[in-house]
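In what follows, a structure is listed as structure tokens, so that the remarks can point back to it.
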Amino acid sequence: MNYVSFIIENFKGIQKLNLSFEKTHNSPIILLVGLNESGKTTILETLSFFFDNIKKDQEIRLTSNVVDDVHDLIPKGEKDNFNKSILIKTHIIISNNDKMKISKYFSERKYTLAKIEDNITLTLDLKYENSQFKMKNTFFDINMTLKKKGEKKVKQYSDKHEMWNSFYEYFNSLLPSIIYYPR
């Protein structure tokens, strides 16, 4: 499983950024290069914050290496009247190995994974009104079809499915960790 890109909107000093990790060579290392105060640390903080907060619960997880208060995430120029969302979205590619793990997960629950798309989108949306934090939403866009053992019909899998929350937690456990260690 690999992160292909991140879209970041309204996170601290980042107004809008599309950060692509698509490989142009075989190196597993990604470098962020830029002038002092150009946003490299903020990008790392954003990715770390995203990884810490993609759980389905409504509670925001704050770490002192990113922020101590959820209001510190608001862009500096809009601290007085922020009525937008802070949005962090990632596009993920799943490997054949990941597909086998997901298939096994469903098999153990008496389902057959009929089809799963390679591209998955995971979004963290923090809503604010009058610069006050209102709610956290996590969106998981995955196209897959399942067949319950003993049934002939294949069904589209969605967040209405009985196993959605447990599968979401399992999927999160497969994601590559994003860890930020400030100096």
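Observations, loosely collected:
- If the condition is being among the hydrophobic types (A, V, I, L, M, F, W, C), surrounded by fewer than 17 Cβ atoms within 10 Å (Cβ to Cβ) and touching a strand residue (DSSP E or B) at 6+ places or on another chain (Cβ under 8 Å), then region 88-107 contributes only Ile93.
- Restricting attention to region 47-65, the residues that are over 19 Å from Met135 (Cβ atoms) and either among the aliphatic types (A, V, I, L, M) or modelled with pLDDT of 90 or more (or both) add up to 3.
- In this structure, Lys110 does satisfy being surrounded by fewer than 11 Cβ atoms within 10 Å (Cβ to Cβ) and either under 21 Å from the mean Cα position of the chain (by Cα) or modelled with pLDDT of 90 or more (or both).
- Entry remark, region 140-156: residues being open to solvent by less than 100 Å² (accessible area, probe 1.4 Å), assigned to a strand (DSSP E or B) and of a type outside the set (S, T, N, Q) number 7 in total.
- With respect to being farther than 30 Å from Ile29 by Cα, open to solvent by 20 Å² or more (accessible area, probe 1.4 Å) and among the acidic types (Asp, Glu), Asp159 fits the description.
- Residue list for region 113-124, restricted to those being surrounded by 15 or more Cβ atoms within 10 Å (Cβ to Cβ) and farther than 18 Å from Glu169 by Cα: Ala114
- Of the residues making up region 100-131, just one is more than 17 Å from Lys89 (Cβ to Cβ), of a type in the set (Asp, Glu) and in a strand (DSSP E or B), namely Glu129.
- Meets criteria (at positive phi, open to solvent by less than 90 Å² (accessible area, probe 1.4 Å), under 20 Å from the mean Cα position of the chain (by Cα) and touching a residue at least 24 places away in the same chain (Cβ under 8 Å)) for Asn10: yes
- Restricting Lys147, Lys55 to those that are more than 25 Å from Phe11 (Cα to Cα) and not polar (S, T, N, Q) reduces the list to Lys147.
- Restricting region 69-99 to residues that are outside any loop (DSSP other than H, G, I, E, B) and basic (Lys, Arg) leaves a set whose member that is farthest from the chain's Cα centre (by Cα) is Lys76.
The values are calculated or read from the model by the stated rules, or taken from the named source; none is laboratory data. All figures in this text were calculated on a predicted structure; none of them were measured in a lab. When we count neighbours, we look across all protein chains shown, and the Cβ atoms used for this are built from the backbone with ideal geometry, even at glycine. All accessible areas refer to the heavy atoms of the entire protein, side chains included, with ligands and DNA or RNA removed. Shrake-Rupley method; radii C 1.70, N 1.55, O 1.52, S 1.80 Å.
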